[in-house]
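Notes for the one structure printed next.
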Amino acid sequence: MSTRSRLLSALAALVTAIPIGAVAAAPAAEAVGPNLLPFTVTNSTGRGDATYLYVIGVNLTTGRLGYVTAGGTFNAWPAGSLPPSPAPDVAIGGPGNGGNTTVQLPRNFSGRLYMSLGAKLKFFLTPDGLVQPAPWASGDPNHDILFDWSEFTYNDAGLWLNSSQVDMFAVPHVVTVSGSDGTKSTGAVVANGRQNVIDQIRAQSGWANTVVTRADGTVLRVLSPGKSADAGLLSSTYLDSYINSAWNAYASKTLTVVPFGDQPNTKYFGRTSGNTMVFTNTSGAQVASFNKPSSANVWGCDGNLGAPNDLVVGPIARTLCAALNRGTLGTIDTQPGGSAADFYKSNPTNQYARIIHANMADGKAYAFAFDDVQNQESLVYSSNPTSAGAILSPFVGGGGGGGGGGSTTGYAVTGPGGKCVDVAGDDNGANGTAVQLWDCQSGAKDQHWTLKNGTLQTLGRCLDLIGNGSAAGTQLELWDCNGVGGQQWVTQADGSLRNPQSGRCVDSPNASTANGARLQIWDCNGSAAQKFAYNGGATNLTTPGGKCADVAGDDNGGDGAVVQIWDCQLTARDQHWAWTGQSLTTLGMCLDIVGGGTTNGTQLQLHNCTSNAAQTWVVNSNGSISNPQSGRCLDAPNGSTANGTRLQIWDCNGSAAQKFAKA
């Protein structure tokens with residue numbers, strides 16, 4: 001479970017608090033990002049409205065609340081009054097449809113990036129701080145404005161950036177960050193995703209009024225169940241019958257809560273007596289108790305489910321709230337438990353969260369406050385960011401969002417200096433166009449590559465060696481895919497990208513990191529000039545039969561998820577594996593031998609990374625991958641290549657059943 005803190009104490013003065021994506025226990029950063037981080041907002045909505053941006057939050061160095069200009073200068077808010085006085089107009093002109101606008105985020109700042117379409121937002125100041133938009137209230141001056149926001153924290157430990165649907169679903173957008181650890185993005189909706197959410201919510205009994213429409217017919221937002229109930233648009237007791245059933249189930253059985261994935265022996269045991277659930281630890285001492293929550297408590301993860309920032313009561317409360325929102329409490333008795341396939345099966349259930357997750361391309365969303373339990377949240381993080389952004393997704397059609405009014409597919413290839421492999425000429429990509437390094441741009445279609453049958457493709461063409469050459473210094477270009485050896489590329493364990501025909505690696509001449517540096521091939525040497533990471537180093541792990549190592553459950557993962565053989569799917573995140581030391585990782589977890597077993601036939605699973613011997617793998621010269629502790633190899637039972645074949649370990653024998661390779 002994540003230990004993300006939902007609110008920085010410095011923001012307590014806000015009348016409407018910002019749920020900040022701060023991390024309580026951040027990974028140590030090898031380097032810090034720039035003082036000013038470029039943040040590019042791309043407009044792919046298909047709408048002709050004027051767009052306005054606002055960067056507001058807290059200066060983490062001084063604790064002062066304020067706003068940031070387009071150039072990255074922080075300004076504290078002036079004093080407010082009662083009744084609230086209008087705040088200064090701090091709008092930044094945003095991009096028109098098909099365009100983009102870059103603002104600078106100063107380091108040590110945490111807050112929200114608001115984006116509004118068609119009208120400027122109205123903020124107010126009191127002696128206690130800033131009054132932010134609250135459009136779920138019919139009298140709020142921003143009620144009839146189409147807008148949304150992302151949340152971020154940028155400090156010396158890196159950038160955390162998330163989209164949020166905790167309060168409402170309005171302007172879907174991709175959030176993305178690029179840095180020395182690759183390019184990551186989340187928040188893309190499926191094709192027609194916005195309209196799907198609206199239509200599917202309206203179709204649920206009792207939910208139609210949660211869709212808010214302006215007088216001109218524009219759907220402004222879908223309100224979350226908590227905000228809807230507060231406004232009288234959804235029954236205030238909607239979830240009560242399920243809560244009663246789930247709560248009472250533990251009068252006759254025990255609920256086990258294991259709140260920390262990396263601490264499997266930290267367990268708490270809950271039993272219900274009357275309306276109270278009491279938790280004990282492994283020694284039998286009482287550590288927490290919770291009165292039965294109301295529907296409002298579940299929607300808000302507050303009240304009887306309030307989660308203090310401690311290491312016992314808070315983590316249990318988070319777990320209970322997530323399980324009640326997902327409908328797994330009462331049926332899955334070890335929590336967090338189940339996978340996304342098990343969520344939202346209860347009747348009644350959180351239809352809002354169910355439908356939003358179902359319409360996200362990667363299944364990730366922040367549909368309630370503790371949706372980060374089991375890593376279901378739409379969050380990206382980089383320890384050493386070089387750029388970030390938000391792509392406002394198409395309101396109709398599309399799927400995701402991209403530059404030039406179109407959508408981006410594929411993944412970035414990051415090279416020296418954290419720059420991206422780019423095609424010269426702004427997304428045109430004719431035969432013979434130079435391939436170069438350039439600042440990463442989240443919406444640039446010519447920086448999104450797909451790895452297909454050993455080729456790297458963008459704009460409908462292949463990464464190619466001029467003249468199918470093989471000599472050191474041969475430059476790279478874009479060319480029609482034609483199957484020649486000069487278009488084949490293999491990712492290497494040392495982070496290089498090798499062309500098998502020439503035996504040479506993609507190289508930036510003289511280790512240049514300048515924009516426009518023309519890429520070439522050179523003798524492979526492992527230097528910084530040859531570090532190129534496709535999708536942050538995550539690529540397919542091919543299995544017998546030309547299929548891929550896959551995690552059951554459609555990109556959801558979860559501790560204990562089955563690892564199997566399946567048809568390769570280009571955009572399936574659970575088929576993208578990366579080397580992290582000697583571990584193979586995907587979906588933030590490690591390829592693991594069940595129970596740390598060493599015997600023939602022990603199956604493989606996805607498990608929280610613990611650096612134990614059951615998660616250590618070595619690539620062998622005969623194409624097999626072995627586990628040193630057991631001395632056995634990855635294996636497809638009986639050489640099966642059928643979809644759903646669960647992988648295991650077996651005595652290493654060099655057979656076709658043990659041929660596995662990273663693309």
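Strands (runs of 3 or more DSSP E) fully within the stretch 530-601 that include at least 1 residues being at pLDDT 85 or above: 548-551, 563-566, 583-586, 589-593. Between Asp333, Asp310, Asp342, the distinction of being within 25 Å of the chain's Cα centre (by Cα) and among the acidic types (Asp, Glu) belongs to Asp342 only.
Apart from one condition, Ser178 fits all of (1) surrounded by 24 or more Cβ atoms within 10 Å (Cβ to Cβ); (2) closer than 23 Å to Ser116 by Cα; the exception is (2). Select from the stretch 210-256 the residues that are modelled with pLDDT of 95 or more and among the basic types (Lys, Arg) and write down the one among them that is surrounded by the fewest Cβ atoms within 10 Å (Cβ to Cβ). Once the filter is applied, the top-ranked residue is Lys253. Yes or no: Thr153 at pLDDT below 95 and not charged (D, E, K, R)? No. Checked against the criteria, Gly467 does not count as more than 29 Å from Thr102 (Cα to Cα), touching a residue at least 24 places away in the same chain (Cβ under 8 Å) and surrounded by fewer than 23 Cβ atoms within 10 Å (Cβ to Cβ). Here Gly460 clears all of (1) surrounded by 19 or more Cβ atoms within 10 Å (Cβ to Cβ); (2) closer than 25 Å to Ala188 by Cα except the condition numbered (1). Exactly one residue out of Trp566, Trp579, Trp617 is closer than 19 Å to Ala657 by Cα and touching a helix residue (DSSP H, G or I) at 6+ places or on another chain (Cβ under 9 Å), and it is Trp566. Total residues in the stretch 134-144 satisfying the condition of being out of contact with any Lys or Arg (no Cβ under 7 Å at 6 or more places or on another chain) and closer than 18 Å to Gln165 by Cβ: the figure is 1.
For Gly303, the criteria (1) more than 30 Å from Asp592 (Cβ to Cβ); (2) surrounded by 14 or more Cβ atoms within 10 Å (Cβ to Cβ); (3) not aromatic (Phe, Trp, Tyr) hold in every case but one, which is (2). Considering (1) modelled with pLDDT under 95; (2) within 30 Å of the chain's Cα centre (by Cα); (3) surrounded by 17 or more Cβ atoms within 10 Å (Cβ to Cβ), the lone condition that Asn142 does not fulfil carries the number (1).
Residue selection: Asn622 fails the criterion of being polar (S, T, N, Q), assigned to a loop (DSSP other than H, G, I, E, B), farther than 27 Å from Gly558 by Cβ and at pLDDT 90 or above. On inspection, Asn643 fails the criterion of being surrounded by fewer than 16 Cβ atoms within 10 Å (Cβ to Cβ), over 28 Å from the mean Cα position of the chain (by Cα) and more than 25 Å from Tyr381 (Cα to Cα).
Checked against (1) at pLDDT below 95; (2) surrounded by 24 or more Cβ atoms within 10 Å (Cβ to Cβ), Gln165 passes all but condition (1). Within the stretch 296-317, residues that are assigned by TED's automatic domain parsing to the domain that holds Pro259 and basic (Lys, Arg) reach no partner that is assigned to a helix (DSSP H, G or I) and surrounded by fewer than 18 Cβ atoms within 10 Å (Cβ to Cβ) with beta carbons closer than 6 Å at six or more positions or on different chains. Here is a check on your reading of the model: is Gly483 on the phi > 0 side of the Ramachandran plot and either among the aromatic types (Phe, Trp, Tyr) or assigned to a loop (DSSP other than H, G, I, E, B) (or both)? Yes, satisfied.
The values are calculated or read from the model by the stated rules, or taken from the named source; none is laboratory data. Model, not experiment: these values are computed from the prediction. Here Cβ is always computed from backbone atoms with ideal geometry, including for glycine, and neighbour counts include all displayed protein chains.
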